[in-house]
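Values in this text are rule-based calculations from the coordinates and carry no lab data. Just so we're clear, the structure is a prediction, and the values are computed from it rather than from any experiment. Here the Cβ positions follow ideal geometry from the backbone for every residue, glycine too, while neighbour counts run over all protein chains shown.
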Amino acid sequence: MTLPVSQFLLLGFAAACGAWLRYFTGLFMHVLFPALPMGTLVVNLVGGFLMGMSIAYFESISSASEDMRLIINVGLLGGLTTYSAYTAEIFNFIDKGAIMHALFFAAAHIIGALILCFIGFYLLNLFLRSS
C-alpha cells in the first residue's frame, strides 16, 4: 500500500493532535491526582470509547472515506492512547513493590477501555439508527 504525501501529512498531523491531547490531559490529571498516573488511564479509557464510536461510524456509513478512517483511528486515536506509557507505569508499580496498584491499573486500563469501546460502539449505533 502506498501512502500519498498529503495523506501521510494528514496522518502525522492527526497523530500530533492526539499526542498533544494526551500530554495536556496528563498535565491536567496530574494537578488533580499528583500521586497517580491518572492521565494515562483517562486517555486510554476515552480512547477506547472514541474507538468504539469510530468503528460504529465507519461500519454504518457506506460513504465514509477509508482515508478518514486511517486519519482518525491510526492518527488521532493512535496518538492519543498510550499503551507504551501504560506498560512503563505498571512496571514502575511492580518495581516499587506496589503490586495491588499495578493490578488495579492494569485491569482498569484493559477492562475499562474494552467496556468503553463497546459503549461507544453501541451508543453511536443507537444514535445513527434513530436519525
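The phi torsions of the range 41-58, fed into the Karplus equation with coefficients 6.51, -1.76 and 1.60 and a -60° offset, translate into couplings of 4, 4, 5, 5, 5, 4, x, x, 4, 5, 5, x, 5, 5, 4, 4, 4, 6 Hz, rounded to whole numbers, with Gly and Pro shown as x.
Remark: the range 5-130 carries a charge dipole of roughly 160 debye about the Cα centre, counting +1 on each Lys and Arg Cβ and -1 on each Asp and Glu Cβ. Tell me the label only: which of (1) 14.3, 44; (2) 16.6, 52; (3) 13.7, 41 is Rg and Dmax of the Cα atoms in Å as calculated from this structure? Calculated Rg and Dmax of the Cα atoms in Å: the matching label is (2). In the chain, helical runs assigned H by DSSP with n ≥ 4 each contribute -39500 (n - 2.57); averaged across all residues and rounded to the nearest 500, the mean residue ellipticity at 222 nm is -26500 deg cm²/dmol.
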